[in-house]
1. So how do 414, 354, 257 line up by other beta-carbon neighbours within 10 Å, fewest first?
2. Using alpha-carbon positions, what is the distance between the centroids of segment 7-70 and segment 270-314, in Å?
3. Looking at segment 22-101 from every direction and averaging, what is the projected area of its Cα convex hull in nm²?
4. Strictly greater than 40 Å: what percent of every Cα pair in the chain meets that?
5. Taking Cα atoms, how many degrees apart are the long axis of helix 341-350 and the longest axis of the chain, rounded to 10 and kept between 0 and 90?
6. Could you list 360, 426 so that the one with the fewest beta carbons within 10 Å of its beta carbon is first and the one with the most is last?
7. To the nearest 10 degrees, how steeply does helix 391-406 sit against the main Cα axis of the chain, on a 0 to 90 scale?
8. How long is the gain from residue 93 to residue 136 if the chain were fully straight, where each residue apart is worth 0.36 nm and the alpha carbon distance is subtracted?
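Bear in mind these aren't lab numbers, they're just calculated from the coordinates by the rules spelled out. None of the values given here were measured: they were computed from a predicted structure. Reconstructed Cβ throughout: ideal geometry from the backbone, glycine too, with neighbour counts over all protein chains shown.
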């Protein structure tokens, strides 16, 4: 058995610490979000405006024109975070109740980073049609839907159907969100490596919701599909994988990728690759150091399984990786959806987009990458950190502008106005949290 150094043991202990503290804090606060008023209430007399009899006036106006719900209610800024708990983080099918802490966390991030009010909805449904029906029935209440943690291949069908059948934006963050932020990090990693997206060999390890969409986004952004090799739990995707003919999304990748028709498993998929993007089974040990060594010299390695990467970053670096990214905040180069979805949804809501296209996601990725380049790229800084909140209004502006260009926006605003509006709402959200903390209405974290 390999001996670990004192540094490796310290890094491992730090990596495993957050889970225990998280459990304690979840019990202390008994949840992470609550409903709070946005209107002035100084006495019960104010309810003559906010409720009966005054509320009949906006009701009548909306009955005449349902689009006025965006003017007279909170719909303009409210989305649902919807899951059935069938594939939560790296924990698998743990059910809707167990998935609720994640959906609450997502809602908290939407508000704190994007100024977006998000309602977590965990559904106990028996089939995909029921899931789709519930979400469609919710449409009059929300300005958008964020699908989350749904098992594949079901997630592909559910997203496709809801995007086609709803008039509000529906997206699956595990697909489009992950793809956007991964592309942002890869743009800058290749910039540091002196390589072009269209001229590198890429290994995608894992063929779930994230990497399937990443494949398509990378190709739209300029990667050569034939130079991408994808590997799922049964091996490399290629034209001989007849077991995938009934899976339209994976079969398309079988036909378009891997022009050399490579076969084998993870090791064969990675051999000679310039870039590794792993979103597969949590490790460590899912990917072996010697497989990194067998890649092209000084490869770019994204090890993004949650909650534990496929290989510890220090092991990847020791094996020859030039740039390493993970999905965790306690390591450099966190490739996390939280850099994308707050600004993307903010921009989509503010121009009343009917959908969130892949082109809008690429616009977000390019803006995120630009934010990091302006600060100066390093091996341990290829993507902004979550603390760089100024990224989010810029993403909102880029996404809103692209939606207008594509003709999927109901409201036409200048990029500057989208940016200003987004910045105001995001600053307001953080100020509210600060006021609640300063006043003691949100209690300080209880000491151990």
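1. So the ranking, lowest neighbour count to highest, is 414, 354, 257.
2. When both Cα centres are located, 38 Å separates them.
3. On the way: hull surface 33.7 nm².
Taking the Cα atoms of segment 22-101, their convex hull projects to 8.4 nm² on average.
4. Details: 18941 of 100128 pairs.
Here the tail beyond 40 Å accounts for 19 percent of pairs.
5. Result, in degrees: 40.
6. Details: 360 28, 426 24.
Lowest count first: 426, 360.
7. 80 degrees
8. Numbers: separation 43, 0.36 × 43 = 15.48 nm, distance 2.33 nm.
Going from the current span to full extension adds 13.1 nm.
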